[in-house]
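To keep things clear, I will list the structure first and then write my remarks on it.
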Amino acid sequence: MPEIKAPLVATIQITGHCNLDCLYCFSFPCPRIDMSKHSVHRIIDEFFKAEVFRIELSGGEPFLHPDILEFIEHLAENPIGLACAISSNGIPFTDRNLARNVAKVIRRLQKEDDGIVPLQISLDSPMPEINDKVRGKTKDVITGIRNLLEENVPICLAVVIHAQNIRTADNIIDFFYPQIKNFHFMNIMPSIKSAKNGTNSWLKPNQHDISSFWQYLEKRISIDFPEARISSPMDEIGILKKRSLLTESISCHRCTAGFTRIAVTPDLKVIPCVLSRNIIMGDLSSHSFNEIWNSTTAEHIRSLRQNPCQISIESFMENKQTAAIM
């Protein structure tokens, strides 16, 4: 196996606090704590040194962390022009003052012609009757988005495709285009949260509907939204390559967790991806990222035949069944 110097994408979950309770939350379970200011700055610097291509701040809801604006300033100072981004649910921006303050710093993360929009807002549908069932607080999210747009903040909207929105998911482009031209659509993944609440089957669309959606979306984009930029489910760095949306979304890809992407939890555990909650590569409270990335534990995780996220879900369900018996 060739040496992998560093992941393409590293996600820092700076807080486990959140103001939503999404049915499929990819970050569940997550410690309800804030990562310390010192730790966030140290980890950002370690990722700069490792030359990770893209650094993402997430949560929980990252804009609930009291020092988030300081972290954005730090990301903007990166010495070699790495791509940086923040993922949010948009609700904190119902506070116009926060939207205004974020506008002052977020544009510093925008690089010339790299195609990456540094602020990503998650919304599965602009229709409350759909989005509220799965994520919640649709009207607040839209208010937050509107406040950001009034401050001319560039936004990418992230849409998870599931059985409840698959027939209308493209409506989000109609609703926001052309004020927003960047959209990231992704197929839903099984998660510990949806396994816990028993909604996996309710949320999972059939393969025919998935294929039909991506074919329809590709056709609509080319005809109705010529200036829209759509990133695909398997696009690691946020720029759609010159393959069809359908090809990118349903092709068979090897899991990239632990290879081209990793995540750091609020309690400083390094995991292969946000979905692989109990697969621990190492602990940044006692080791450097370089030590963890090149450790035998990391090598072992990369050699697993089964996807780490699936192992996490199965482990959670086994523990749940054991607890029920006891």
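The values are calculated or read from the model by the stated rules, or taken from the named source; none is laboratory data. Every value quoted in this text rests on a predicted model; they were computed, and no experiment measured them. Note that each Cβ is placed from the backbone with ideal geometry, even for glycine, and that neighbours are counted across all protein chains shown. Each accessible area value is taken on the protein alone, full model and side chains, heavy atoms only, with ligands, DNA and RNA left out. Shrake-Rupley method; radii C 1.70, N 1.55, O 1.52, S 1.80 Å.
A few remarks follow.
- Phi to ³J(HN,Hα) by Karplus 6.51 cos²θ - 1.76 cosθ + 1.60 over the stretch 131-142, Hz, x for Gly, Pro: 5, 5, 5, 10, 10, x, 6, 4, 5, 5, 4, 5
- Taking 0.36 nm per residue of separation and subtracting the current Cα-Cα distance, fully stretching the chain between residue 297 and residue 179 would add 37.9 nm.
- Counting only protein heavy atoms and a 1.4 Å probe, the chain has 46 square angstrom of accessible area per residue.
- Within the stretch 127-180, the percentage of alpha carbon pairs spaced more than 17 angstrom apart rounds to 37%.
- Set of the stretch 138-166 residues, backbone N closer than 14 Å to the point 7 Å along the Cα-Cβ line of residue 100: 147-148, 150-152
- Taking only protein heavy atoms and a 1.4 Å probe, the accessible area of the chain is 53% carbon and sulfur.
- Cut-off 13 Å between beta-carbons: net charge of the residues surrounding residue 178, Lys and Arg +1, Asp and Glu -1: -1
- Directionally averaged shadow of the stretch 30-85, computed from the convex hull of its alpha-carbon atoms, nm²: 3.7
- Considering only 300, 52, 144, the residue lying farthest towards the positive end of the dipole of the chain is 300, judged by Cα position with unit charges set on Cβ.
- Selected from 158, 43, 315, residue furthest toward positive end of dipole (the chain; charges at beta carbon): 315
- Taking the chain and dividing mean pair separation by its residue count, relative contact order in percent (alpha carbons under 8 Å, at least six apart): 20
- Residue 146/residue 212 FRET efficiency (R0 30 Å; Cβ-Cβ; nearest 0.05): 0.45
- Taking the stretch 65-107 and a reference point 7 angstrom along Cα→Cβ of residue 5, the backbone N atoms nearer than 14 Å belong to 80-82.
- Cα-only Debye scattering, the stretch 108-234: base-10 log of I(q)/I(0) at q = 0.21, 0.22 Å⁻¹: -1.33, -1.42
- Calculated [θ] (222 nm, deg cm²/dmol) that DSSP helices of n ≥ 4 give over the chain, each run adding -39,500 (n - 2.57): -11000 deg cm²/dmol
- For the stretch 28-49 versus the stretch 71-127, the spacing of their alpha-carbon centroids is 17 Å.
- Orientation-averaged projection of the chain equals 16.6 nm² [convex hull of Cα atoms, one quarter of hull surface area].
- Placing +1 on the Cβ of every Lys and Arg and -1 on the Cβ of every Asp and Glu, with nothing else charged, gives the chain a dipole about its Cα centre of roughly 480 debye.
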